[in-house]
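Okay, so here's the structure we're looking at.
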Amino acid sequence: MIHYWAGAFIMFSITWWLAFFMALPVGVRMAEQPEDGHAPSAPENPRLWKKALVATLGALAATWGIMHLIETGMISFRPPPAAADSAL
């Protein structure tokens, strides 16, 4: 059972970062008059909390879907037992 939760946590972590990085450029507006010392390409209001929430919801859905596919056997990372014996 611990392997299931460890795998789910790793899957969630990877999908969360993927979703977060995909959400970062969405809705970005650069400041028209950037302050001294700020990069001209820096976003005016990045709304990171909203993007983190979207990434969390997306990662939860993706993790649930992938873990469901693994549980039902539609995705398997192990070779079928008969395939290993019949190759000889």
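Bear in mind these aren't lab numbers, they're just calculated from the coordinates by the rules spelled out. The model shown is predicted, which means the values in this text are computed figures rather than measured ones. So basically every Cβ, Gly included, is an ideal-geometry build from the backbone, and we count neighbours across all protein chains shown.
Whether any residue in segment 51-58 is hydrophobic (A, V, I, L, M, F, W, C) and part of a loop (DSSP other than H, G, I, E, B) is what I want to check. Spell out how you get there, then give the answer.
Looking only at segment 51-58, we keep the residues that are hydrophobic (A, V, I, L, M, F, W, C), and these are 52-55, 57.
Subset that is part of a loop (DSSP other than H, G, I, E, B): none.
Taking every residue of segment 51-58 in turn, none turns out to be hydrophobic (A, V, I, L, M, F, W, C) and part of a loop (DSSP other than H, G, I, E, B).
Results for (1) more than 21 Å from the chain's Cα centre (by Cα); (2) of a type in the set (Phe, Trp, Tyr); (3) under 30 Å from TRP5 (Cα atoms), shown as yes or no for each residue.
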{"position": "MET22", "(1), (2), (3)": "no, no, yes"}
{"position": "GLY27", "(1), (2), (3)": "no, no, no"}
{"position": "ALA31", "(1), (2), (3)": "yes, no, no"}
{"position": "GLU35", "(1), (2), (3)": "yes, no, no"}
{"position": "ASN45", "(1), (2), (3)": "yes, no, no"}
{"position": "TRP49", "(1), (2), (3)": "no, yes, yes"}
{"position": "GLY58", "(1), (2), (3)": "no, no, yes"}
{"position": "GLU71", "(1), (2), (3)": "no, no, yes"}
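What residue, among those in segment 1-48 that are among the small types (Gly, Ala, Ser) and within 30 Å of SER76 (Cβ to Cβ), is surrounded by the fewest Cβ atoms within 10 Å (Cβ to Cβ)?
Taking segment 1-48 first, the residues among the small types (Gly, Ala, Ser) are 6-8, 13, 19, 23, 27, 31, 37, 39, 41-42.
With the extra rule that they be within 30 Å of SER76 (Cβ to Cβ), the set shrinks to 6-8, 13, 19.
Numbers: ALA6: 10, GLY7: 14, ALA8: 15, SER13: 12, ALA19: 21.
Out of the qualifying residues, it is ALA6.
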